[in-house]
Amino acid sequence: MNLYLRYFDKETLVNNVDDAIEFLRSIPEIALDEELEADIREYAESDVFYPKRYKVRQRVYFIIIKTLAETMLDFKQKKALRPVATPNVNERRDLTASVVTRLTEMRPGWYEGALDFKRVVMIPATGKHEYRDTHFVAQCKANSGQDCYNRIVEHLRSRVDGRSQFPSAKGKNFHFKYLGMWK
């Protein structure tokens, strides 16, 4: 793993930490103490791949970037980028479709739904209102996950301030599980 360092128009690509520290020592504006040197060594040895910047003075930094590039030209032309694992478009569509399908699947019975929403509450000391994150869990008879969500939100709307905010049934703030058939 190589290290790219830059401070304004001074830059270098080195293959070890000692060379990087020597480069930083050659710049008079950078006060390289033992603590900073230890932090740079720790960053170089870690599994962290994001760029790291170090403050020289107010609004002035130098940066260090880990790279697989062997030469400065390769680095500049971005030829040695680490491959980033991103799901392709079809996989994301399949995941979204499966969430929606599971949500709308007709399966009458008992459901347990958990909803995280922003509830408006009044602070008695000041008389002002604020949003509070609220977790609500209920068991109800429903025909599908969507029906369970609708019943929970309908129940809450009649009992909390009208300015409260409810998440989408398709989002990460609503979870449900099928408990079984009703009798």
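Tally time: how many residues in the stretch 122-175 are farther than 16 Å from Tyr111 by Cα and among the small types (Gly, Ala, Ser)?
The number of residues fulfilling the criteria is 7.
Return the total of residues in the stretch 148-177 being touching a Phe, Trp or Tyr at 6+ places or on another chain (Cβ under 8 Å) and open to solvent by less than 100 Å² (accessible area, probe 1.4 Å).
14
Residue check: is Leu81 of a type in the set (A, V, I, L, M), modelled with pLDDT of 60 or more and part of a helix (DSSP H, G or I)?
No.
Which of the residues that make up the stretch 17-72 are touching a residue at least 40 places away in the same chain (Cβ under 8 Å) and either in contact with a His (Cβ under 6 Å, 6 or more places away or on another chain) or of a type in the set (D, E, K, R) (or both)?
Within the stretch 17-72, Lys66, Glu70 qualify.
Would you be able to say whether some residue in the stretch 96-116 is under 21 Å from the mean Cα position of the chain (by Cα), modelled with pLDDT of 90 or more and surrounded by 13 or more Cβ atoms within 10 Å (Cβ to Cβ)?
Within the stretch 96-116, one or more residues are under 21 Å from the mean Cα position of the chain (by Cα), modelled with pLDDT of 90 or more and surrounded by 13 or more Cβ atoms within 10 Å (Cβ to Cβ).
Across the stretch 1-53, what is the total count of residues that are among the β-branched types (Val, Ile, Thr), in a strand (DSSP E or B) and within 12 Å of Ile63 (Cα to Cα)?
1
Could you check how many residues of the stretch 1-18 are of a type outside the set (Phe, Trp, Tyr) and surrounded by 15 or more Cβ atoms within 10 Å (Cβ to Cβ)?
Of the residues in that region, 9 qualify.
Among the residues of the stretch 18-55, which ones are closer than 23 Å to Leu73 by Cβ, under 30 Å from the mean Cα position of the chain (by Cα) and aliphatic (A, V, I, L, M)?
Selection gives Ala44 alone.
The values are calculated or read from the model by the stated rules, or taken from the named source; none is laboratory data. Here the structure is a predicted model, which means the values were calculated and not measured. Heads up, the Cβs are rebuilt from the backbone with ideal geometry, glycines too, and the neighbour counts pull from every protein chain shown. Only protein heavy atoms, including side chains, enter the accessible area calculation; ligands, DNA and RNA are left aside. Shrake-Rupley method; radii C 1.70, N 1.55, O 1.52, S 1.80 Å.
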